[in-house]
Number of protein chains: 2
Amino acid sequence: MALFANEEYIDRLNRTKARMGEAGIDVLVSSDPANMNYLAGYDGWSFYVPQCVVVSLDADTPIWIGRSMDVAGARHTTFLPESDIIGYPENYIQTLERHPMNFVGDVIAERGWGQKTVGVEMDAYYFSARGYAELQKHLPDARFANADLLVNWVRLVKSDAEIALMREAGQIANRVMTTAIDRLEPGVRECDAVAAVYQAQMSGTAEFGGDYPAIVPMMPTGEKTSAPHLTWTDAAYENEQMVNLELAACRHRYHCPIARTAYLGKNPPAKLVELAERTVEGLNLTLEAIRPDMLAEEVELVWRKHIAKFGLEKESRIGYAMGLNYPPDWGEHTASLRPGDQTVLKPNMTFHMILGMWMDNYGFECSESFRVSETGYETFSSVPRKLFIKE
Amino acid sequence: MALFANEEYIDRLNRTKARMGEAGIDVLVSSDPANMNYLAGYDGWSFYVPQCVVVSLDADTPIWIGRSMDVAGARHTTFLPESDIIGYPENYIQTLERHPMNFVGDVIAERGWGQKTVGVEMDAYYFSARGYAELQKHLPDARFANADLLVNWVRLVKSDAEIALMREAGQIANRVMTTAIDRLEPGVRECDAVAAVYQAQMSGTAEFGGDYPAIVPMMPTGEKTSAPHLTWTDAAYENEQMVNLELAACRHRYHCPIARTAYLGKNPPAKLVELAERTVEGLNLTLEAIRPDMLAEEVELVWRKHIAKFGLEKESRIGYAMGLNYPPDWGEHTASLRPGDQTVLKPNMTFHMILGMWMDNYGFECSESFRVSETGYETFSSVPRKLFIKE
């Protein structure tokens, strides 16, 4: 049984079809696992083989196409009728002789859509260069159009049912961050602190469990804080060091990312303490400035003006849309809080605002995941916004 | 500092160049994160943006090309000289105006390779349809060839240093499986059992920590055992039920997968107990049959003959090459233990042999990760091969 009511999927589908119509796309082949989940409810760790959901303007419900052994999983998790759950045989797997996208092309042709305009997600994870070529090969009379991010933009405004899951993720995120900060101590191995974080992510709360976040825990310290995507080691945390914590919680694939900085030791540098105060002040006042109908770039401007008072600037964006997702990224790749982004904020858009300020040999970061509310904003988690000093 | 000695990377490179030469490829663009790690040492959770390692027949060392903010991570983890670690600017990220693969094309052209034959991994994860088109756009005079799995095949025979890491992964795998079986009890929520597994995966042993496996823990029970890629829920395990455990441990990206079946309750069905005995007997004798110079398909035949005695057959392959990897899959997509695979087994090839027998409403699975040794085989973990009955 799908996670949400059928009406919710039908509404998602109608909004997707409207965008397809605007883009001149008749048939959409969506391989992004988050989009497959959004459109059909499908949720499984099967995106390591080609699979997709096909939406056609002239069909009421989408088609799920995946590996035969995953048909049972599609029956469990989607709202689709049996006739629209189609498995390709095992001999399509990992061979040069044929490709699952040949099979997808054949299904599209059989449904009578072989001469239509077919939209594909040209830059989506798990839609490969070969997959595209093989799909074209079996649809020689179709026109192809880039439908990259088309569904992602439909996902931007969440339903109340989606927001409810993000609030639950927020409650788990509180436990995740608190666990991390509790566990951090000089002498504790990075891998053991990370193990405690994972434990908290999955066990969730007494009322509901957690799901795997789309990105692994990042808890770098020392010189590795300058290399943001290195993962943990066996080394022990040291005294008088800063640790950046970029973590998340996930509930039914809906995320609440959260970032904080901790300092292990009695003597945090005065400049770090000062940077933390200024950054948190900026985070607070930027969040407080949020209103529906504001532009995404206007939110960033509030922050930029604040830190300019201290002669500082931050080059990268300060936030991005997020919600439903799968590895390797929880970001939706649509709206960003940055100069030039003229997305108009609407209630139930959800963002991760992350303010990271990096100096030569120290830095501080603090973030909130929030929805735009009817009057301002609502954060999903409630961990104090501050530099955590562990003496 | 890279994980292995420079000589090991040079050897990998030479073997890769030999295959490139055979395939008529002058310049290889490898985006598969495992191949990037193998060729250059690079290890970071940055594969959610386009990145690659470029190997040219006429260059001594590869080039790493990635996002600017990941250059520090490349300095930390690769053996490459500073001149061969190249970051693309932030304005290449997530925009329709330009693409990181344009930048990669420009670098290749600048090095004087713009008219060469360029190999790309057409079906690799994280090399998108658009990435390929954009690379072609900036290399208009190049010829393109499919180099899919070229490096994967080079990875097939492991070095002793790699085997040492897989043995460590095996020690962690013992703890992971033991923890899972200990934690499984009627009334325990699936998410809590999974949380304990994650904890064991990362904390590893007292001597060394664990790394994140390429696939999440799979511990389905009840009717979900027929849907192999659904992940856990909040539901509690029930009494008198079977649980399939498909788990793994990872050490510096090297995996040891391990699968077992547990039965919760005092009354395992007699047919399940019998199936377990026959499957384990088959696993034992198939492993014992392994010798260097045997063909991969001959290994499978040993198993097939064994279960045919009981009127059974297994449709899918019984094993596959694995080792170094990243999400979403730890399999190497090269040699498989299945009919028709004529790969000649050599010492230090490493496989996961997984025997899963699925009947209408029950089933049993048991697996071993092993290397082909000079005289037979060596398993990496040492969990008893049996049906675990938890009364």
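When the residues of the range A:228-281 are filtered to those that are assigned to a loop (DSSP other than H, G, I, E, B) and among the aliphatic types (A, V, I, L, M), which remaining residue is nearest to B:G73 (Cα to Cα)? Talk me through it step by step, then tell me what you get.
Restricting attention to the range A:228-281, the residues satisfying the condition of being assigned to a loop (DSSP other than H, G, I, E, B) are A:228-235, A:237-240, A:252-253, A:265-269.
So of that shortlist, the ones also among the aliphatic types (A, V, I, L, M) come out as A:230, A:235.
Values: A:L230: 6, A:A235: 17 Å.
Looking at the filtered set, the residue picked out is A:L230.
Could you tell me whether the range A:294-303 includes any residue that is among the acidic types (D, E), touching a Ser or Thr at 6+ places or on another chain (Cβ under 9 Å) and modelled with pLDDT of 95 or more? There is at least one residue in the range A:294-303 that is among the acidic types (D, E), touching a Ser or Thr at 6+ places or on another chain (Cβ under 9 Å) and modelled with pLDDT of 95 or more. Considering B:S56, B:S31, which residue is farther than 22 Å from A:S128 by Cβ, out of contact with any helix residue (DSSP H, G or I) (no Cβ under 6 Å at 6 or more places or on another chain) and either of a type in the set (F, W, Y) or at pLDDT 95 or above (or both)? Residue meeting the stated conditions: B:S56.
Do we find a residue being at pLDDT 95 or above and of a type in the set (S, T, N, Q) anywhere in the range A:220-228? Within the range A:220-228 (the criterion being at pLDDT 95 or above and of a type in the set (S, T, N, Q)), the answer is no, since none of the residues qualifies. Entry remark, the range A:327-364: residues being under 21 Å from the mean Cα position of the chain (by Cα) and assigned to a strand (DSSP E or B) number 15 in total. Scanning the range B:207-218 for residues that are buried (at least 21 other Cβ atoms within 10 Å of the Cβ) and in contact with a helix residue (DSSP H, G or I) (Cβ under 7 Å, 6 or more places away or on another chain), we see that the one that is nearest to the other protein chains (Cβ to nearest Cβ) is B:G209. Checked against (1) under 30 Å from A:L337 (Cβ atoms); (2) out of contact with any Phe, Trp or Tyr (no Cβ under 6 Å at 6 or more places or on another chain); (3) not in a helix (DSSP H, G or I), B:I25 passes all but a single condition, namely (1). For A:V27, the requirement of being touching a residue at least 60 places away in the same chain (Cβ under 8 Å) and over 20 Å from the mean Cα position of the chain (by Cα) is met. Return the residues of the range B:104-147 that are touching a strand residue (DSSP E or B) at 6+ places or on another chain (Cβ under 8 Å) and either among the basic types (K, R) or surrounded by fewer than 20 Cβ atoms within 10 Å (Cβ to Cβ) (or both); say none if nothing qualifies. Passing the criteria: B:V107, B:R111, B:K116, B:T117, B:R130, B:Q136, B:R143, B:F144, B:A145, B:N146.
When only residues in the range B:190-206 that are over 20 Å from the mean Cα position of the chain (by Cα), facing chain A (nearest Cβ under 8 Å) and in contact (Cβ under 8 Å) with a residue 40 or more places away in the chain count, which is surrounded by the most Cβ atoms within 10 Å (Cβ to Cβ)?
Restricting attention to the range B:190-206, the residues satisfying the condition of being over 20 Å from the mean Cα position of the chain (by Cα) are B:190-196, B:199, B:203, B:205-206.
If we keep only those that are facing chain A (nearest Cβ under 8 Å) too, we end up with B:190-192, B:194-196, B:199, B:203.
Filter again for in contact (Cβ under 8 Å) with a residue 40 or more places away in the chain, leaving B:190-191.
Details: B:E190: 23, B:C191: 21.
Of everything passing the filter in the range B:190-206, B:E190 is surrounded by the most Cβ atoms within 10 Å (Cβ to Cβ).
Give the residue that is farthest from B:M20 (Cα to Cα), with candidates limited to residues of the range B:148-174 that are in contact with a helix residue (DSSP H, G or I) (Cβ under 8 Å, 6 or more places away or on another chain) and away from chain A (no Cβ under 11 Å).
Taking the range B:148-174 first, the residues in contact with a helix residue (DSSP H, G or I) (Cβ under 8 Å, 6 or more places away or on another chain) are B:148, B:150-155, B:158-159, B:161, B:172.
Going one step further and asking which of them are away from chain A (no Cβ under 11 Å), we end up with B:150-151, B:153-155, B:158-159, B:161.
Working: B:L150: 8, B:V151: 9, B:W153: 12, B:V154: 11, B:R155: 14, B:K158: 19, B:S159: 20, B:A161: 24 Å.
Filtering the range B:148-174 for residues that are in contact with a helix residue (DSSP H, G or I) (Cβ under 8 Å, 6 or more places away or on another chain) and away from chain A (no Cβ under 11 Å), the one farthest from B:M20 (Cα to Cα) comes out as B:A161.
Kindly indicate whether A:S367 is modelled with pLDDT of 95 or more and part of a strand (DSSP E or B).
Working: modelled with pLDDT of 95 or more: yes; part of a strand (DSSP E or B): yes.
It is true that A:S367 is modelled with pLDDT of 95 or more and part of a strand (DSSP E or B).
Count of the range A:6-33 residues, restricted to those that are of a type outside the set (G, A, S) and within 16 Å of A:I65 (Cβ to Cβ), is 5. When we screen B:D32, B:D43 for residues that are buried (at least 24 other Cβ atoms within 10 Å of the Cβ), in contact with an Asp or Glu (Cβ under 6 Å, 6 or more places away or on another chain) and not assigned by TED's automatic domain parsing to the domain that holds B:W330, the only hit is B:D32. Take the residues in the range A:315-331 that are touching a residue at least 60 places away in the same chain (Cβ under 8 Å) and touching a Phe, Trp or Tyr at 6+ places or on another chain (Cβ under 7 Å), then tell me which one is nearest to B:P213 (Cα to Cα). Per the stated criteria, the residue is A:P328. On inspection, A:Y362 qualifies as at pLDDT below 95, touching a strand residue (DSSP E or B) at 6+ places or on another chain (Cβ under 7 Å) and in the same structural domain as A:L245 (by TED's automatic domain parsing). Out of the range A:75-109, which residues are among the aliphatic types (A, V, I, L, M) and farther than 27 Å from B:Y320 by Cβ? Across the range A:75-109, the qualifying residues are A:L80, A:V107, A:I108, A:A109.
The one condition from (1) closer than 30 Å to A:R75 by Cα; (2) touching a helix residue (DSSP H, G or I) at 6+ places or on another chain (Cβ under 8 Å); (3) at the interface with chain A (Cβ under 9 Å from one of its Cβ atoms); (4) surrounded by fewer than 24 Cβ atoms within 10 Å (Cβ to Cβ) that B:T221 does not meet is (3).
Exactly one residue among B:A169, B:A142, B:A214, B:A196 is among the aliphatic types (A, V, I, L, M) and out of contact with any Lys or Arg (no Cβ under 8 Å at 6 or more places or on another chain), and that residue is B:A214. Residue check: B:S373 meets all listed conditions (1) over 16 Å from B:E288 (Cα atoms); (2) modelled with pLDDT of 95 or more; (3) not aromatic (F, W, Y) but one, namely (1).
The values are calculated or read from the model by the stated rules, or taken from the named source; none is laboratory data. Here the structure is a predicted model, which means the values were calculated and not measured. All Cβ positions, even for glycine, are placed from backbone atoms using ideal geometry, and neighbour counts span all protein chains on display.
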